[in-house]
Amino acid sequence: MFDTKMLSISRLPQPRLPKNNEELLERAKSKAKALGLYLDGLYLGHHDMSAYLYPFADEDRLIGASLMTTLLYYVDDLFGEDNKVRYSFDLDRFKAAWERGEQPAARDEVEAQLYKAAASYGADFRAAVPEDFWNYYQGYLDAHLAHSISPAAYTNSEEYLETRLHFGGMYPTLLLIEYCAEEYLSLDLREHPDFVAAQKALALIAVISNDLMSYPKEQHSQFNLLNVYLETAEAETLEQSIQKTIIYLNQLHKNYEQAKAAFLAAEEAKEPFIKQYISYLDNMLAACYHWQVQTDRYKHPEHILTDLKSS
């Protein structure tokens, strides 16, 4: 028998949501509908996530972050490799819309709507951030979209983790901390080895805990760590695979805490915003657990985790 309390991140404190959270969610939903990103039956499964991730943001930035995550979910829900009905998608055309506001030729109405939304929100997002952050963010967004549409083949779990790190969308989500705080790190800080290690550990915790908690919906998928362990013979049974995944997640949590402590001890981390930024990372780590166990998105009557079984 397994449950989410076996994860060390389950002991992290519950993030505090904005006092006017419901009002903000309604405003975000209205803007998502205006952009054509609202998908019946899907949007409400993730629309409250941003309040958990960025409770420190002001209202406009929180709504902006919600729209960015909604755009990423929209791409994954309609164009990702794991969908039964897959619509057309072209990364170069998306970039033309997102980066330059163009409306490239599309092969169907769904693709055309994506480019229209990308052009509109891309212009708003770019106007709201410094140019160096836009370029920095763009690199991770491009990597996420490329891996999301066509995840890299793998022969073992380590190779899978490298592509999962990108197609999971956690880097574009994590980097929005700077956007939401309206304070931006220097390139030296972003490239500090301990800072990079902490971010990577957090990103992996987020995506692999999702592999675990969303497993009932992904039993058929070759891009889920539990199945990867089985397909590569790194586990003989599903029970062994679940156990290995939980052990791995708990080790990642230790890696995160160690990298964070090393970074905070570094001379470069003496800037006033750094400690605040790290507290935002800590909040996001807690949100990775608490949002997933509280949303109905991952509940299932035959869940492999007893506390996520729905009646």
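The values are calculated or read from the model by the stated rules, or taken from the named source; none is laboratory data. As the structure is a prediction and not an experimental result, all values here were calculated from the model. Note that each Cβ is placed from the backbone with ideal geometry, even for glycine, and that neighbours are counted across all protein chains shown. In case anyone asks, the SASA skips ligands and DNA or RNA and just uses the protein heavy atoms, side chains included. Shrake-Rupley method; radii C 1.70, N 1.55, O 1.52, S 1.80 Å.
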What order do you get for 204-217, 15-28 when each peptide is scored by the mean count of other beta carbon atoms within 10 Å, highest first?
204-217, 15-28
Stretch S30-E267 to full length: gain in nm at 0.36 nm per residue minus the Cα-Cα span?
80.8 nm
Surface accessible to a 1.4 Å probe, per residue, for the residues of segment 1-74, Å²:
48
Give me the extension gain from D40 to E234: residue separation times 0.36 nm, minus the current Cα-Cα distance, reported in nm with one decimal.
66.0 nm
Looking at the chain from every direction and averaging, what is the projected area of its Cα convex hull in nm²?
15.7
Starting from segment 195-295, pick out the GluC sites (Glu not before Pro) whose DSSP state is loop and whose Cβ has at most 11 other Cβ atoms within 10 Å.
E236
Per-residue HN-Hα couplings for segment 114-127, Karplus 6.51 cos²θ - 1.76 cosθ + 1.60 at θ = phi - 60°, whole Hz, x for Gly and Pro?
4, 5, 5, 5, 5, 5, 5, 6, x, 5, 5, 5, 5, 5
Value of Rg/Rh across segment 78-224 [Cα atoms, Kirkwood radius]
0.98
Can you give the FRET efficiency for N135 and S279, using 1/(1 + (r/R0)^6), R0 = 22 Å, r = Cβ-Cβ distance, to the nearest 0.05?
0.25
accessible surface per residue for segment 77-221, probe 1.4 Å, DNA/RNA/ligands not counted, whole Å² -> 41
Through the Karplus equation 6.51 cos²θ - 1.76 cosθ + 1.60, θ set to phi - 60°, convert the phi angles of segment 201-214 into ³J(HN,Hα) values in whole Hz; use x for Gly and Pro.
4, 4, 4, 5, 4, 4, 6, 7, 5, 5, 4, 6, 7, 9
Using the basic label-point model (7 angstrom from Cα toward the beta carbon), what is the L17 to A128 distance in nanometres?
2.0
What is the gain in length, in nm to one decimal, between E109 and S186 on full extension, counting 0.36 nm per residue of separation less the C-alpha to C-alpha distance?
23.6 nm
Determine the share of segment 185-311's accessible area contributed by carbon and sulfur atoms, expressed in whole percent, with a 1.4 angstrom probe.
50
Under 17 Å Cα-Cα from K5, which aspartates and glutamates qualify once same-chain neighbours fewer than 8 residues away are excluded?
D211, E239, D307
Give, as a single signed number, the net charge of other residues whose beta carbon lies under 12 Å from the beta carbon of Y179, with Lys and Arg counted +1 and Asp and Glu -1.
-4
Keeping all protein chains in the complex and leaving out DNA, RNA and ligands, what accessible area do you get for S221 with a 1.4 Å probe, in Å² to the nearest 10?
10
In whole Hz, with x marking every Gly and Pro, tabulate ³J(HN,Hα) for segment 47-60 from phi via Karplus 6.51 cos²θ - 1.76 cosθ + 1.60, θ = phi - 60°.
5, 8, 5, 4, 5, 6, 6, 10, x, 7, 6, 6, 4, 5
Run lengths n ≥ 4 of DSSP H only: what is the helix-derived mean residue ellipticity at 222 nm for the chain, with -39500 (n - 2.57) per run over all residues, to the nearest 500?
-20000 deg cm²/dmol
Using a Cα-Cα cut-off of under 15 Å, which aspartates and glutamates could be cross-linked to K217, ignoring same-chain neighbours fewer than 8 residues away?
D76, D77, E81, D82, D296, E302
